[in-house]
Each structure stands twice: as C-alpha cells, then as structure tokens.
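For reference, the structure discussed in these notes is given below.
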Amino acid sequence: MLKTNICGVEFQNPLMLAAGIMGSNASSMNWILKSGAGGVVSKSFSLNPHPGYVNPTTVAVDGGIINAIGLSNPGVENFKEELKKIERKDNVVIASIYGATPDEFSTLVGEVQQYVDMIELNISCPHAMDGYGASIGQSCDLSHTIVSASKDASDVPIIAKLTPNVTDITEIAKTCEDAGADCLSLINTLGPGMKINIDVAKPVLSNKFGGMSGKAIKPIAIRNVYSVYEAVDIPLIGVGGIYTFEDVVEFIFAGARAVQIGTAIMDEGVEVFSRINEGLEKFMAEKGYGSIDEMVGIAHD
C-alpha cells in the first residue's frame, strides 16, 4: 500500500531521510533505514574535504531551527567508503552532491553513481560559501548548465533540489526539467535567517546567517510543491517541516510522490518514520486509498 515509484526506482514507503541530518556515515543511515525509512539521502559532499563553519552552527528558534553548517564533509573519496557500507537490499540510497562548476558535478556523479540508486544535486543551500548552493539554484542559466552536465554523466536518475528563495520557483523547476532532471526535490531551507543573543549583543551562529527548517516552513513548502506540480511533468519529492502522517498526506495531495524528513528527527528521534508510516497506512485504509499513486496531486482536481 505504501510503495511509491520515482523514475523507475521503487520505494517501500514514501519516507526518506533528508540531506544534512544523520547522513554523514553508513551506520547512522543504516539506523534510519532500519527505523522505517524507505530511503536515505546522504549529507551533501564535494570532491575535496571541506571544513564548513566553526561552532555554533545550529540554533533553535520558534517553529524550527536555523543552521549554517557550511556544507562540511570529508570529500568524495572518504564518502564513497561510507556509501559502500549502506545496506541497500530493498532500500533506496541517494547521494547528495555539490560543487561550484559543471565539471565538479559531473566528476562527482561519475565517482559515486555505482554505489547509489539516485543522485540529488544540492544547488539550493542558502548559507553556502560563494559559488555554491543557492547562488546556482537562483539562476536559470547556472541551474540548466549544472543539471545538464550532471545528467550527461549519469546512469542513475538525477534529482535537482530547489531553493524557495527565488522570485518564481516554477521558472527554475522548468529550467531543470528542460536540462534533463529526472525529478525535483523541494524545498531546501528558507532564508537565510538569524538569531541574536541579547546578553552579548552578537549573532548566535558563527556565520551570522543560516537556513531555516522545521514546522514553520511547511506551508511554504506545500505551496511550492503545489505550484511546481502544475508547471512540470517530472516527479516531485516534498521537503520541509514534516512531523506527522497528516503532513505527508498534504505533500502528496499537493503533488509529491515521496517526502524527506530532517528536523523532526532531531525533535522526536528516528521513531518518527515508523510512527508516520503507521498513521499513513491507517489513513489510506480508512479513506479507501489503495496506493500512493491514487493520492498524488488530487488537491488539484
């Protein structure tokens, strides 16, 4: 009942680990998969090791968290060793990659595609250093170039992760589709935002600004999924503030075929996956839905 298919890749259920939370090593990703997720997305990684920002990198705010980790990662050679150790079986493994040039993205694709089922392009991080993240995803031309280069190098489906921090997300979505993206995930964190410590009169985060995630951004994510669903023909993955099965249903009704969960794990633990799956299956049975397919996009009817 809970199975969903995206670009020919079958998920046992529509829940995935979102990039950036517990996706740094195989042991934590295996734990997520054993806890009920249908798939995992790794932490975003690059060709070379990157230290990211110094602490503090995360701060809680009303409705969620603000983070500026700075895309810290050990580099592709080290990360490949982690990807090799993930227990794939019926699980879906997705690598999240980032770079500054088409060559960096296409090289990364070639390095990791044999170890994963799909690859997600992080072109949307709102607190990345110059040349990375949202500086790509806010430009139609840069998005097209990066997606096209990645797709040309790939034998597995390519997902482009979109930023909400644009004037019209449908323009970027259509550009990515035209460039060959097989799927879109949306949204990445909102912002950047900030929090100031009033006792010392200084920003809390070392980077001052960071991306907002959590419950507060869900209505924006739902609206973006809804709008993009009407603008493109490729499948969508919803991301942003998902804590309950009701949240998942909203995203599916808006047009998503699956969802990614991040901040909720920090608040409620890995048990969130099994709890949502149980609630979703019960909801579908009560409402007479026999599959996820029957539910996708029906809020548009």
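The values are calculated or read from the model by the stated rules, or taken from the named source; none is laboratory data. If you're wondering where the values come from, they're calculated on a predicted model, not measured in any experiment. All Cβ positions, glycine included, derive from the backbone under ideal geometry; neighbour counts span all protein chains shown. Heavy atoms of the whole protein, side chains included, go into the accessibility calculation; ligands, DNA and RNA do not. Shrake-Rupley method; radii C 1.70, N 1.55, O 1.52, S 1.80 Å.
Any residue in segment 11-31 that is in contact with a Pro (Cβ under 8 Å, 6 or more places away or on another chain) and at pLDDT 95 or above?
Checked against the condition, which is being in contact with a Pro (Cβ under 8 Å, 6 or more places away or on another chain) and at pLDDT 95 or above, segment 11-31 yields no hits at all.
Can you name every residue in segment 93-117 that is in contact with a helix residue (DSSP H, G or I) (Cβ under 9 Å, 6 or more places away or on another chain) and aliphatic (A, V, I, L, M)?
Scanning segment 93-117 gives 93, 95, 97, 100, 108, 109, 112, 116.
Restricting the search to segment 195-232, which residues are open to solvent by 80 Å² or more (accessible area, probe 1.4 Å) and touching a Lys or Arg at 6+ places or on another chain (Cβ under 8 Å)?
Listed by number, the list holds a single entry, 196.
Just one of the numbered conditions (1) modelled with pLDDT of 95 or more; (2) closer than 30 Å to residue 106 by Cβ; (3) crowded, with 18+ Cβ neighbours inside 10 Å; (4) of a type outside the set (Val, Ile, Thr) is not true of residue 251; which one?
(2)
List pairs: first in segment 36-58 and on the phi < 0 side of the Ramachandran plot, second outside any loop (DSSP other than H, G, I, E, B) and acidic (Asp, Glu), Cβ under 7 Å, 6+ apart or cross-chain?
That search, which allows pairs on different chains as well, returns 41/120; 47/104.
Which one of 95, 100 is modelled with pLDDT under 95 and crowded, with 18+ Cβ neighbours inside 10 Å? Please lay out each step first, then the result.
Working: 95 fails: modelled with pLDDT under 95.
Going through 95, 100 in turn, the sole match is 100.
Name the residues in segment 233-248 that are part of a helix (DSSP H, G or I) and surrounded by fewer than 24 Cβ atoms within 10 Å (Cβ to Cβ), would you?
The answer is 245, 246, 247.
Please go through segment 255-301 and give me each residue that is of a type in the set (D, E, K, R) and either surrounded by fewer than 22 Cβ atoms within 10 Å (Cβ to Cβ) or assigned to a loop (DSSP other than H, G, I, E, B) (or both), ordered by number.
Listed by number, the residues that qualify are 267, 268, 271, 275, 278, 281, 282, 286, 287, 293, 294, 301.
Out of the residues in segment 77-92 meeting the condition of being outside any helix (DSSP H, G or I) and in contact with a helix residue (DSSP H, G or I) (Cβ under 8 Å, 6 or more places away or on another chain), tell me which one is most open to solvent (accessible area, probe 1.4 Å).
It comes out as 85.
Pairs please, first residue from segment 214-231 and among the hydroxyl-bearing types (Ser, Thr, Tyr), second anywhere and open to solvent by 30 Å² or more (accessible area, probe 1.4 Å), Cβ atoms under 8 Å, 6+ apart in sequence or on different chains.
Note: pairs meeting the criteria are 226/299; 226/300; 229/300.
Taking residue 181 as the residue in question, decide whether it is open to solvent by less than 10 Å² (accessible area, probe 1.4 Å), at negative phi and small (Gly, Ala, Ser).
yes
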